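What follows is a single structure, written as structure tokens, with notes after it.
Rule-based calculations on the coordinates, nothing more; no lab input. Treat the numbers as computed from the prediction; the structure is a model and nothing was measured. Quick reminder, even Gly has a Cβ in these numbers, built from the backbone with ideal geometry, and neighbours come from all protein chains shown.
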Amino acid sequence: MKDTLPADLLAAIRVVAAGDALLAPSITRRLIEDFLRRPIAQPEDARLDQLTAREREVLMAVAGGMSNAELADELFTSHATAKTHVSHLLTKFAARDRAQLVVVAYETGLITPGQV
């Protein structure tokens, strides 16, 4: 009999090997619940001062879950331009991924739970 790993364990190994993070659904749920219990920051957080009006718009769209393609359609720009806007946001906030941009949008009060 050949030893094999369960399919979900193999999938988890592949996710981690690709450099992505892996959290159990129960941990993700607890993190979201904890985050939602935090007080909402003032909408004029100083971190937003460094953004152009367009970058604010892009940050809100990213926080709403839009892909680069959807963002390009929404903003009437090319896919490359949408990607560049997201890249600038990642740099300005020293964020490593889009998920961190979503956190920034909530922390700064740019968006609130249930808004997007």
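Data overview
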item	result
Rounded, prolate or oblate (a/c below 1.5 giving rounded, otherwise prolate when a/b exceeds b/c) for the chain by Cα gyration tensor	oblate
Helix 7-17 vs. the chain, principal-axis angle (Cα, 0 to 90°, nearest 10)	50 degrees
Relative exposure of R29, R98, judged by other C-beta atoms within 10 Å (fewest first)	R29, R98
Cα lying deepest toward the dipole's positive end in the chain, options A24, V86, A105, charges on Cβ	A24
Structure-based [θ]222 nm, the chain - -39500 (n - 2.57) summed over DSSP H runs of at least 4, per residue, nearest 500	-17500 deg cm²/dmol
Most mobile listed residue (A11, A46, A105) in the chain, GNM with C-alpha springs under 10 Å	A11
